[in-house]
Structure formats: structure tokens, C-alpha cells
Amino acid sequence: KLPILIDCDPGHDDAVMLMLAIGSGLFDIKAITTSAGNQTQQKTLANALRLKELLGSDIPIYKGCDKPLFRELIIADYVHGEMGMDGPILPEPTLKPESLSAIEAMANILAESEDPITLVPTGPLTNIATFLLAYPHLKPKIKRISLMGGGGFRGNMTPTAEFNIYVDPEAASIVFNSGVPITMCGLDVTHKALVFQEDIERFRAIGNKSGKVVAELMDFFSIFYRRERPELEGGAALHDPCAIAWLIDPTMFTSKTCYVDVEVTGKLTLGTTVVDFFDVWKKSPNTEFVYDIDREKYINLIYEAVQKLP
Ligand code: BDR
Ligand code: CA
């Protein structure tokens, strides 16, 4: 099993990402840490704990940073709602997070592991950047960072910037300049990783608790996409599970090894991932830039994982 550490801000698509990671049975998930993003840290943490309870999982959960490195937090309640995971009725969590902070936990887990660990961030990169700054000597223990964020040719916060990067661009810059190999599943691919109403009905028909929650999450999530993204023809962009699916089966995706950097000062382009697709700069590549997907395979992969869950 591939050892991974997940850093997320659940979040509808983060929730489905966790179900894919756990349900696939292919990962040794060392920890889940929570980032502030789709909602406040308090709410994304509570949502992670709710999911842990729903899935009957024993993965330890650690609370991450409350705010971006230098900026005020921007949340995406207009997509994810008041609770950050609106739709299904999920009770207040009874479980508690571990007492260590996310950053301390990452350090301990990496220091103790013999094998290098893959990090999977699907929210703003504040925790990962803080960890990299605080424990640079542990960098060799990171095998790769497979993240959802950015976009080579499109944005959703501004015409060129994607939410996870835009919320904490300085953190993203630290991550992309860290020297750790990155897989970037940005909007180029995730806006092709669509879930349609007939897919939602398939999840509902599985008949287990998890399938029902996926369907109810996607019912709510789709409202924003149908209203704001008519180009997707009724589909909702199921972003975050791409970062896990790529680790399971990269052949499902199309990608190119590129140099990527993050704009932290631009007047029009703050928070943009600048992808040197044609190698204009001749810099040594740091990123596997993922930009296309076999959608049917992707949805089936998630479907099979959810089938195995409670
Ligand atoms: C990203 O932003 C969040 O709203 C989603 O969970 C995803 O990680 C897409 O831009
Ligand atoms: Ca997310």
C-alpha cells in the first residue's frame, strides 16, 4: 500500500476524495490534516471528523493552520454552503482531533517512516508550506506532492487563478519551489472530471450510507455548477478525487512534465499557476501537469470505492 498523508478542507469534493482514498483500499493513510479554505478551519476540521465517523475509519485527524500565511482567509461558502459540506444531514461529530498540530504530526510521521511518503493536498497549501519551512531536513522523506490546485489555462477565482492557490499564493509558491516533485491536477483536468445527474443516481442506488451521502453531497454541489458553469452542460467538476485517482492509475490521465511557478504579485494574475507548457523558459521541470482524463473510468473508480464503504 502506498503511504500517503492527506491535507484537505472538506468540502464536497474533498469528502469524495477521502472516500476514494479509503474505499480503494490501496493506501496506507498515515493521517488526515485539515486546511482552512472551503470553510473556516473549525468547520473543515468538524467535517473531517464527521466523515471519519461515517466511514468508521481510525485514521488520526489533526487540526491545521487557521489562516493563510500572510492574508485573510477567503472561504467558498457560495459553493460548499454554511457548514462547508451542506446537503446530507450529518450529526455534530462526537470524535475529537488528535492533540498534536497538523505540522507537528507531519513532522513525526515523516521522521518515523522508513519509506518516503506522498502528500495529497486538496485545499490551500498553508499547512504544507508551513511544514516545509519548519522542517526542511525532512523534505527527502516526501516522495511526491499530488495536489488539486491551479490551472494552466483557466481560473475560477479570477480568469486565471484557481481557489486553492488564490487563497494562499505565498504558500503555493513555497510548495512549487520546494524541489519536491509535484503532480498538479488543476482546473484543466478537473473541469473534465465531471459528475452528471445519472452518475449521482448510480451512487444513490448503491444502497449503503456512503453512496447516499455522495449523492446528497453532489446534489448540493451541482447547484452551483448548473447555475454558474453552463459550459459544463449540467456536469459538476469533481476536482479533489483527481489527486488520488492519479496515484491509483495515472494512465487514466493525460499530462506533461512542465515547469510551474506561482504568481504572488500580479495585478491581474495574483494566485495564478504559470505553467510553461511549451518549455519557453527552458527551466528544469518541477511538475507533472495533468490536463485530461478518461471521465468514465474516473467515475467508475470512485463508484467501486464507495461500494466497499459502510
Ligand atoms: C477547489 O476549491 C475547492 O472549492 C474544492 O474543494 C477544490 O479543492 C477547486 O477550485
Ligand atoms: Ca478542496
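The values are calculated or read from the model by the stated rules, or taken from the named source; none is laboratory data. A quick note: this is a predicted structure, and the numbers were derived from the prediction, not measured. Neighbour counts run over all protein chains shown; Cβ positions are idealised from the backbone, glycine included.
What to note about this one:
- Filter result for the condition that a residue is of a type in the set (G, A, S), at pLDDT below 95 and surrounded by fewer than 18 Cβ atoms within 10 Å (Cβ to Cβ), over G266, G207, G234: G266
- Looking only at the range 99-125, and only at residues there that are part of a helix (DSSP H, G or I) and closer than 25 Å to E72 by Cα, the one that is farthest from ligand 2 (Cβ to nearest atom): E104
- The residues in the range 148-170 that are closer than 13 Å to T269 by Cβ, within 12 Å of ligand 2 (Cβ to nearest atom) and under 12 Å from the mean Cα position of the chain (by Cα) can be counted, and the count is 1.
- Test result for L238, within 16 Å of ligand 1 (Cβ to nearest atom) and over 15 Å from M148 (Cα atoms): no
- Restricting attention to the range 103-138, the residues that are within 17 Å of I6 (Cβ to Cβ), aliphatic (A, V, I, L, M) and out of contact with any strand residue (DSSP E or B) (no Cβ under 7 Å at 6 or more places or on another chain) add up to 5.
- Residue in the range 49-71 that is more than 16 Å from ligand 2 (Cβ to nearest atom), touching a Lys or Arg at 6+ places or on another chain (Cβ under 7 Å), at pLDDT 95 or above and not aromatic (F, W, Y) present: yes
- Filtered residues of the range 178-233 (kept if within 25 Å of L119 (Cα to Cα), away from ligand 1 (no atom under 16 Å from the Cβ) and not polar (S, T, N, Q)): G179, V180, P181
- Selected residue (criterion: surrounded by the fewest Cβ atoms within 10 Å (Cβ to Cβ)) from residues of the range 153-186 that are part of a helix (DSSP H, G or I) and of a type in the set (F, W, Y): F163
- Where helices (runs of 4 or more DSSP H) fall entirely within the range 1-97, those with at least 3 residues that are more than 16 Å from ligand 1 (Cβ to nearest atom) are at 41-55.
- Pairs with Cβ under 8 Å, 6+ apart, first in the range 6-29 and under 19 Å from S222 (Cα atoms) and at pLDDT 95 or above, second within 16 Å of ligand 2 (Cβ to nearest atom) and of a type in the set (F, W, Y): H12/F220; H12/F221; D13/F221
- Residue check: T40 meets all listed conditions (1) among the β-branched types (V, I, T); (2) within 16 Å of ligand 2 (Cβ to nearest atom); (3) touching a residue at least 60 places away in the same chain (Cβ under 8 Å) but one, namely (3).
- Selection status of S284, in a strand (DSSP E or B), among the polar types (S, T, N, Q) and modelled with pLDDT of 95 or more: no
- Candidates I142, I128, I75 - the one that is without any contact (Cβ under 8 Å) to a residue 60 or more places away in the chain and within 16 Å of ligand 2 (Cβ to nearest atom): I75
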